[in-house]
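Worksheet: the structure to be examined is printed underneath.
The values are calculated or read from the model by the stated rules, or taken from the named source; none is laboratory data. These numbers were taken from a predicted model, which means no experiment stands behind them. Quick reminder, even Gly has a Cβ in these numbers, built from the backbone with ideal geometry, and neighbours come from all protein chains shown. Note: areas computed on protein heavy atoms with side chains; ligands, DNA, RNA excluded. Shrake-Rupley method; radii C 1.70, N 1.55, O 1.52, S 1.80 Å.
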Amino acid sequence: MVGKLASTEVANRLNEWYDTIKRHEIEEATRLKSEVQQAIEEMEEDQNVLLYYNLIDSRYKQLIEQFDESKNILESVKEQTEHTETDQLLKYYYYFFCGLYEFYKRNYIKSIHSYRQAEKFLDDIPDEIEHAEFHLQLAYAYYGITQNYFSLSHAEKALDIYKQHDNYVSRQLSAKISIAANRFSLNQHECTILLYKEVVNTASKNNNTFLEIIGHFNLGVCYEYLDELELAKNSFETALDIDYPKDIKKDTYLAIKYMLARVLFRMDLIEEGREWLNQSKKLAEEINEQTYQTKISILQTIYLEPNEASLDNELGKLKKKKLWHDVSDLSAIAGRHFKKKEMFKMATKYLIEALKAKENLPSLQEEAERI
């Protein structure tokens, strides 16, 4: 009879798998998943290692953007993690991965709450990289509620740690992207664009195709904000033209296609914009991305089927989610478009809406800190 694998050996394999996930090495993480699954089947009974496997699997599902499956795993281990004598590391992973899930669903306040729960166990984790990952993800969440100084502080902490580890170049670049996004929000436009260009060049040299795409996408977002619409269009098109398996990062391609449609509409290239909007709509429905479905409907009611009641209804959906940055952004786009069309009453209404939405942003910080 063949002996069972020692649970400590399987735990070491899980650590190796999680390291590839943290480095966002999708192909290697997928390969190791098969090996780990086989090892789990051959392992001696150990409930903690089995729980560890389920938690890392939920994180893997997030990496490949299978968010509903990640949620199902997290819900299945909730009772075991929260109400039994589980070690601190597993409690940390549970709350941290719950925070990641909420972030991916754009529930930024819930995300920050979960991260704060995870933080209670962070001091018990000696791994520097885990601390860096925590700070980077918290930076993303604070950026989501436009708390740029908080976000910038955490992103810089993450970068300082990643710089000490040569095999985490991709995470260094991710931290730089977060820093650049915050600097842009703080009106440091020129240095932001230079930083994104640096990310694109470094990613290209290191064959990190996905971060190269993200760099071009973020350059496009900057150019669109600065009304450099031709440059924005070129950046989004470049991001889409780079060879990469588009079935892996559908969430990312949705964002790029949506932004390209938006820029084309602003350039009065209505038919081209309609084509890309239809593509983004199809993708949003395919992955059940409800926030983008709402944002796509808003563009449709501004540029293709003007309808004040529908526009107000869709903006209301974003308000319910407290996505005040999106409300402000899209209301301003509506206001400027209606002004251009000499629909001055509606233009005034939505420009005021944009200002009101901005006034709600500081209150999100207070809510995020109430745990």
Review point. Do the alpha carbons of any pairs in K246/K321; K22/K249; K197/K250; K71/K120; K110/K319; K295/K341 sit beyond 18 Å of each other, and which pairs?
Key: K246/K321; K197/K250; K71/K120; K295/K341
Exercise for review: Give the relative contact order (percent, whole number) for region 152-234; include only Cα pairs under 8 Å separated by 6+ residues.
Suggested key: 21 percent
Review point. With a ≥ b ≥ c the root eigenvalues of the C-alpha gyration tensor of region 84-180, is it rounded (a/c under 1.5), prolate (a/b larger than b/c) or oblate?
Key: oblate
Check your understanding: Pulled fully out, how much extra length does the chain show between E275 and K319, if you take 0.36 nm times their separation in residues and subtract their Cα-Cα distance?
Key -> 13.1 nm
Practice item. Can you work out the accessible area per residue across region 152-234, with the rest of the protein chains kept in place, probe 1.4 Å, in square angstrom? Key: 45 Å²
Review point. Of the heavy-atom accessible surface of the chain (probe 1.4 angstrom), what whole percent is carbon and sulfur?
Key: 47 percent
Review point. What angle do you read, to the nearest 10 degrees and between 0 and 90, between the alpha-carbon axis of helix 67-83 and the longest principal axis of the chain?
Key: 50 degrees
Revision key, fill the gap. Dividing the mean separation of Cα pairs under 8 Å (6+ apart) by the residue count of region 306-370 yields a relative contact order in percent of 30 percent
Revision key, fill the gap. With +1 on the Cβ of every Lys and Arg and -1 on the Cβ of every Asp and Glu, the dipole magnitude of the chain about its Cα centre, in debye rounded to the nearest 20, is 1680 debye
Study note, to complete from the structure: Quick note, region 306-370: a/c under 1.5 would make it rounded; otherwise a/b > b/c is prolate and the rest oblate (a ≥ b ≥ c, C-alpha gyration tensor); here it is prolate
Practice item. Using R₀ = 51 Å, calculate the FRET efficiency as 1/(1 + (r/R₀)^6) where r is the Cβ-Cβ separation of E45 and K345; round to 0.05. Key: 0.15
Practice item. Round to the nearest 10 and give me the degree value, 0 to 90, for the angle of helix 344-359's Cα axis relative to the longest principal axis of the chain. Key: 30 degrees
Review point. Can you give the relative contact order of the chain as a percent, counting alpha carbon pairs under 8 Å and 6+ residues apart?
Key: 10 percent
Study note, to complete from the structure: The answer for region 1-144, accessible area per residue at 1.4 Å probe in Å², is 46 Å²
Practice item. Please find the FRET efficiency linking Y244 to E285, where r is the Cβ-Cβ separation and R0 is fixed at 30 Å, and quote it to the nearest 0.05. Key: 0.85
Revision key, fill the gap. The helix 290-299 Cα axis meets the longest alpha-carbon principal axis of the chain at an angle in degrees, between 0 and 90 and rounded to 10, of 10 degrees
**Study point:** Spin-label model distance (nm) - L304 vs H165, 7 Å beyond Cα toward Cβ
**Key:** 4.4 nm
Review point. Which distance in nm do the two modelled labels at Y149 and T8 give, with both placed 7 Å along the Cα-to-Cβ direction?
Key: 4.9 nm
